[in-house]
Amino acid sequence: MSRSAMRTSHQALKLPRSVFASPPSRLVFRRRRRQRPLGNRLRQACIGLLLVFAGVGLLYGLMQLPRWLDTVLLVSTAIANLISGLSRLGLGLLQLVGVFGVLALAVLALLLLVGGVVRLFRCITAGQERQRV
């Protein structure tokens, strides 16, 4: 370490003042309590009332819903459509797995065919090379 670094390392560590420390005695540093303007409170109250009225209106409309349509029929129809859709999805996936199985068998058959032809060709050509030597 250099001497300048050693000098700075032996100096006292200066920490910031704590939040809970007593406030400075000068008036310049005292915090003033800001009073909120009346318009801000009035605006917040109006927004609160609008939200309450919107919630009450929405709940009232939902309570009137059974008068206009049969909700039990609506729910049972939705569940029936969901079940039939899931069964159709399952059948579709099963058919797709079947198609992929047939495709895999076709590729395997082609690979076996090509492999067999290559082995036969090597067998035939290797026998001819032995006869030449």
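The values are calculated or read from the model by the stated rules, or taken from the named source; none is laboratory data. Since the model is a prediction, treat every value here as computed from it, not as a measurement. For neighbour counting, all protein chains shown are included, and Cβ atoms are generated from backbone atoms with ideal geometry for every residue, glycine included.
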Report whether or not L89 is assigned to a helix (DSSP H, G or I) and either surrounded by 10 or more Cβ atoms within 10 Å (Cβ to Cβ) or on the phi > 0 side of the Ramachandran plot (or both). yes
State whether the residues of the stretch 8-20 include one that is part of a helix (DSSP H, G or I) and at pLDDT below 70. yes
